[in-house]
Amino acid sequence: MKLKENASEEKLHGRYFTPSTIADYVTDWVLNQKNNIRTVLEPSVGDGVFIESICRYPDVLKNANIFAIEVDEDISKVAGGKCEQIRWVKGWENVADNDRVIVNDDFYNAYKNGLSIKRYQAILGNPPYIRYQYLEEEQRNEQSEILTQNGMTPNKLINAWVSFTVACVSCMEETSRIGFVIPAELLQVKYSEDLRNFLMRHLNRITIVTFRSLVFDGIEQEVVLLLGSRYYNWK
């Protein structure tokens, strides 16, 4: 049995920071859209590696509303120092519709309090890999509610990245892209079957990028890149 008291900080918080080369690749793919980018969502900022990648796009920084979320206050402040055009704020209630912000808040709280009704043209990041054994009962309930709200089977025994992915796909505009670094469990385990069906219903095109070697140094966690596109009236 996996016990919280025996788990590392990384396992408890699902905090495995993305290598910059992968963040750049995902960002380039997500932002390379036919229409000008107007809205960007990064739901799990971490140390800000995707923020640094976004900062390589001056037109996006100038013209788009950018919303990035990180639950850890200290780490969110570190990320807030990565790009002077994106300010740091405490709490989703302090976010305006036309902002460019890194928000110190819990993603589930933001989703319940306004994020779920917004739509984004570009969504990217590395959702937390917290196993369900390390989640509080309230977090398990919140995750299960996200599944139910999006027409999926309620399940409290899922890892955190699943509900993050579902919630973010639900926030995509009619024409938009999403790029996530997620566990290879997407392709391997039974509980991901409902998620795979969800993705096929809501995305017009899906590309899965796999790796020959481990991405995170010293961590036995296989990952893939989920690159998904939604097109209005796509044929």
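Charge dipole (Cα centre; +1 on Lys/Arg Cβ, -1 on Asp/Glu Cβ; no other charges) of the chain amounts to roughly 920 debye.
Across the alpha-carbon atoms of segment 59-179, the computed radius of gyration and Dmax are 14.6, 42 angstrom. The listed residues 132, 108 rank as 132, 108 when sorted by accessible area, largest first, using a 1.4 Å probe. Heavy-atom accessible surface of the chain, averaged per residue, reaches 49 Å², computed with a 1.4 Å probe. For the chain, adding -39500 (n - 2.57) for each run of n ≥ 4 DSSP H residues and dividing by the number of residues yields -9500 deg cm²/dmol at 222 nm.
Of the residues 51, 148, 37, the one whose Cα sits farthest towards the positive end of the charge dipole of the chain is 37 (charges of +1 on Lys and Arg Cβ, -1 on Asp and Glu Cβ, taken about the Cα centre). Pairs of Lys residues in the chain are counted when their Cα atoms are under 19 angstrom apart and they lie 8 or more places apart or on different chains; the count is 12.
Across all directions, the average projected area of the convex hull around the alpha carbons of segment 68-117 is 3.1 nm². Computed on segment 132-219, with alpha-carbon pairs under 8 angstrom and 6+ residues apart, the relative contact order is 21 percent. Of all DSSP beta bridges confined to the chain, the antiparallel ones make up roughly 40%. Each Lys or Arg adds one and each Asp or Glu takes one away; over the other residues whose Cβ falls under 13 Å from the Cβ of residue 43, this sums to -3. Only one item in (i) 1.03; (ii) 0.99; (iii) 0.93 matches Rg/Rh (Cα atoms, Kirkwood Rh) derived from the coordinates shown, and that item is (iii). For segment 41-182, the share of accessible area belonging to carbon and sulfur comes to 44 percent (1.4 Å probe, ligands and nucleic acids excluded). Checking Cβ-Cβ separations below 4.7 Å across the chain identifies 168, 171 as cysteines lacking any candidate disulfide partner. The residues neighbouring residue 188, those whose beta-carbon lies less than 12 Å from its own, together hold a net charge of -1 under the Lys/Arg +1, Asp/Glu -1 convention. Here's the picture: charge each Lys and Arg Cβ at +1 and each Asp and Glu Cβ at -1 in the chain, and of 116, 134, 176 the one pushed furthest to the positive end of that dipole is 176. Between residue 59 and residue 93, the modelled label-to-label distance comes to 3.9 nm, taking each label 7 Å out from Cα in the direction of the beta carbon.
Quick one: which of 96-106, 36-46, 193-203 comes out on top by average Cβ neighbours within 10 Å, and what's the full order, highest first?
36-46, 96-106, 193-203
The values are calculated or read from the model by the stated rules, or taken from the named source; none is laboratory data. This structure is a prediction, so every number in the text was calculated from the model and none was measured. In this analysis, Cβ positions are derived from the backbone assuming ideal geometry, glycine residues included, and neighbour counts consider all displayed protein chains. Heavy atoms of the whole protein, side chains included, go into the accessibility calculation; ligands, DNA and RNA do not. Shrake-Rupley method; radii C 1.70, N 1.55, O 1.52, S 1.80 Å.
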